[in-house]
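For reference, the structure discussed in these notes is given below.
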Amino acid sequence: MSHNHRNHQQYESRNHHHDSREKTVLRLNVGGSFYTTTRPTFLRHPASLLARIATGHHQVPRDDRGYFVIDRDGMVFRHVLNYLRTDRLLLPDGFREVTLLREEAAYYELPGLVADLDGMLENRRKQLRRGGGRGSNNYGTRGNPGNRKISASVGDNLHLLQEEDDLDFFEDSWIGTD
């Protein structure tokens, strides 16, 4: 085998590897936040908008670096991407944007994620209906005001929380009662 033929094979091999990576790796600009994932991750939910983007059945613009541009909430997209990777809803402690994430899941056409988030929101509503929710002045069964926690969730409005209260439930944007 000649030296030139061997160099050509090495060049072709490198180029094929690069082309293959180009087709597998997806670089995204979602609302100004940048993500890198793989096409198989997007294809895990074949009926989703993201799968259609990955297959080219739904066209989205590209930025000057070649990233797919999706004009949605970029900070919340990380949770959508984690769902695609794991098929599980994994949120950090204290996550407060459940309603926004639910809207994004609906936009991306991920019914499983929408259902998980609807369940989470319904559990929170049930907690509120049982009492001891936002703005409660009751001390719970202990009757010990020393066990109270205070949430300064909206300006000067202070809410007394029972020790048992799920602090993830109290959002900064809450005003009023149900």
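Heavy atoms only, probe 1.4 Å: what % of the accessible area of region 53-113 goes to carbon and sulfur, would you let me know? Spell out each step's value before the answer.
Numbers: 1630 of 3450 Å².
Carbon and sulfur atoms account for 47 percent of the accessible area of region 53-113.
For Phe34, tell me the accessible area in Å² from a 1.4 Å probe, rounded to the nearest 10.
100
Could you order Tyr107, Tyr35, Tyr83 so the one with the most accessible surface comes first? Probe is 1.4 Å.
Tyr107, Tyr35, Tyr83
How large is ³J(HN,Hα) for each residue in region 48-57, as worked out from phi by the Karplus curve 6.51 cos²θ - 1.76 cosθ + 1.60 (θ = phi - 60°), to whole Hz, x for Gly and Pro?
7, 4, 5, 5, 5, 5, 5, 8, x, 7
Between Lys126 and Asp87, what length comes free when the chain is fully extended (0.36 nm per residue of separation minus the Cα-Cα distance, one decimal in nm)? Don't jump to the answer; show the numbers that get you there.
Values: separation 39, 0.36 × 39 = 14.04 nm, distance 2.54 nm.
Taking 0.36 nm per residue and subtracting the Cα distance, the gain is 11.5 nm.
So how much accessible area does Thr37 have, in Å² to the nearest 10, using a 1.4 Å probe?
10
Can you list the residues, at least 5 places off or on another chain, whose amide H is less than 5 Å from the amide H of Ile70, using H built in the peptide plane?
Residues meeting the amide H criterion: Asn29, Val30, Gly31.
The values are calculated or read from the model by the stated rules, or taken from the named source; none is laboratory data. Predicted model, so just to flag it, every value in this text is computed and none were measured. Just so you know, the surface numbers come from the protein's heavy atoms only, side chains and all, with ligands and any DNA or RNA stripped out. Shrake-Rupley method; radii C 1.70, N 1.55, O 1.52, S 1.80 Å.
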